[in-house]
Structures are given as C-alpha cells and as structure tokens.
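The values are calculated or read from the model by the stated rules, or taken from the named source; none is laboratory data. As the structure is a computational prediction, the values presented were derived from the model and not from experiment. As a convention, Cβ positions derive from the backbone with ideal geometry for all residues, glycine included, and neighbour counts pool all protein chains shown.
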Amino acid sequence: MLWSYQSKIKDWRFIYKLLSCISIFILSILTIIFSVFIDFWYVNSNKDNFYISLVWQNFDIMLSFWSSQTIFIVNIWFLWSLIYHQREQFNKFTNIYTQINVTIYITITALIFWLGTLIDSISQLNLGLTWFWNLNTLSLSLSFLDHLISPLLMIIFLILTFKKNKFQINVKKQFTLVVIYPIIYLIYIYIRVAILQINNVKNFIYPYNILDFNYSIIAIPLWINRILGGLLIITTIIITTLFYLAINKFCYKRITSKEKQINNII
C-alpha cells in the first residue's frame, strides 16, 4: 500500500491530474460563489417571476453557458482519471477519445471567451457582453482565470499524453463521438428557451446571441444569420478536431520513428 502511494507521488501524470483537479475546483467554486450568491453576475435586480429567487435565476443562467458546462466537465474528467489512474484507457469517460473530445470542448470555450471579449472590446458589434464588463475587478479576474487555467491545463495534458504514448486514432470514430455533446447542449438550450418564453422570462433566455435565430449581430438578413451561425458552430468543431488529430498524427509518427531506430540498433 505504501509502495503504491509512493509510486503515485513520483508519477508526474498523477501529480498533474491532482493539481489540475484542485486548481479548477477552487476556481469553479469561487466563480459560483461570486456569480450566483454574492455579486449576482447576470441578474442583480428585477427577478423574473418564473424563478423563486435571484440565486436560482443566476444559477440557471450560469449553467446555460457552454463555458460553465465544459469547465465542469474538465474538472470531472481530471477527477475521474485520478480514480482510474494508470487504467484510464479502459474507461470510456477517460480514454483517449474522450480526452480529445473534452479538450476540444474546452478549447472552443477558450475561443468563444477570449475572441468574444476581444471583439466586443475593440469593435462596434453588439455581442451582449455589457453585463460582463460591468462586473467588479475581482469578479472579472475570477472569470478570466477560470477561462484561462482550465483550457491550458487540459490542452497541455493532452499534448503531453500524445508525446508520451502512441495512439493511432480512428478519425471516423473521433468525429462521430465529438458531436454528441454539442448536439445534447443545443437540445438543452432550445428546450430551456421554450420553457422560459412560455413563462415570460426576459433575462438571458439565450446564453449566446449566435444561438438566437431571431437576432442578427450585424446588419444582415435573418436567414443568412441562421446559415452563418450554423456554419460557424460546425466549422469550429471540425477545425478544432482536425487540429488535435494533426498533433496526434505528428506525435504518433515521431514515436514510431524512434521505435524503428531502436529496433534497428538492436
């Protein structure tokens, strides 16, 4: 038992998972506390009658964001991979396919957040982020850290996993699996939208304007807005997936090449 514990302490993967899990968990808890219970990031007055309290309304809004959900998923993935440490490839939630998918989702989160805030701060486009820039300094710092640390930890760990292990990914299987969660997320969003509209809710019906087919960020016809919105979502998923598959292919060839050199020497 003691030997097993000592071996884990010496295992960089175990330490990385443990520290990542703790870091993301602390940031997530602090973000929830400030966004839902203290500062009421989304709605701090004029609560919609559908909700029993401001806390519940803010909590529901927070959960509707892709970024919030994917950060939670990353935290759960690190926790689960700790439980199945050294056996993660035998578990469907921690194997390499799921690891790539979770990394893709959190990468999209980083792209949405950082590109969105950048574009909103330097352009005249109405991305609906006024509430975000009105947050106090501490709340803004927490949000920036949450959307920086989680993606970086997951991306770095995937790249290190590729470099240390030889994985020949089935591209068709990867693309089939990667779309499952986005589809579930969109179904959840539009069911939530229908429920809120029936109950005359006015605040944060859509977490992102791009998901509202009746809203145009720029002066273009709505039908073009719908096509562009759908294409943007699909293209982002495809490009991000291809990016990580390319990294895996490069690492796979490099490891295979080293193995051939060793075999030739032997």
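Observations on the model:
- For T98, the criteria (1) modelled with pLDDT under 95; (2) in contact with a Leu (Cβ under 9 Å, 6 or more places away or on another chain) hold in every case but one, which is (1).
- Looking only at segment 216-232, and only at residues there that are surrounded by 15 or more Cβ atoms within 10 Å (Cβ to Cβ) and in contact with a Leu (Cβ under 9 Å, 6 or more places away or on another chain), the one that is farthest from P151 (Cα to Cα): S216
- Scanning segment 184-213 for residues that are aliphatic (A, V, I, L, M) and in contact (Cβ under 8 Å) with a residue 60 or more places away in the chain yields I189, L196, V201.
- Q57 satisfies every condition listed in (1) touching a residue at least 24 places away in the same chain (Cβ under 8 Å); (2) in a helix (DSSP H, G or I); (3) closer than 22 Å to L152 by Cα except (3).
- Failed item, numbered, when Y244 is tested on (1) assigned to a helix (DSSP H, G or I); (2) in contact with a Ser or Thr (Cβ under 7 Å, 6 or more places away or on another chain); (3) under 19 Å from D60 (Cα atoms): (3)
- Residue within segment 39-48 that is surrounded by 15 or more Cβ atoms within 10 Å (Cβ to Cβ), touching a Ser or Thr at 6+ places or on another chain (Cβ under 7 Å), in contact (Cβ under 8 Å) with a residue 60 or more places away in the chain and not in a helix (DSSP H, G or I) present: yes
- The listed residue being hydrophobic (A, V, I, L, M, F, W, C) and either modelled with pLDDT of 95 or more or under 30 Å from K92 (Cα atoms) (or both), out of L127, L232, L222, L135: L232
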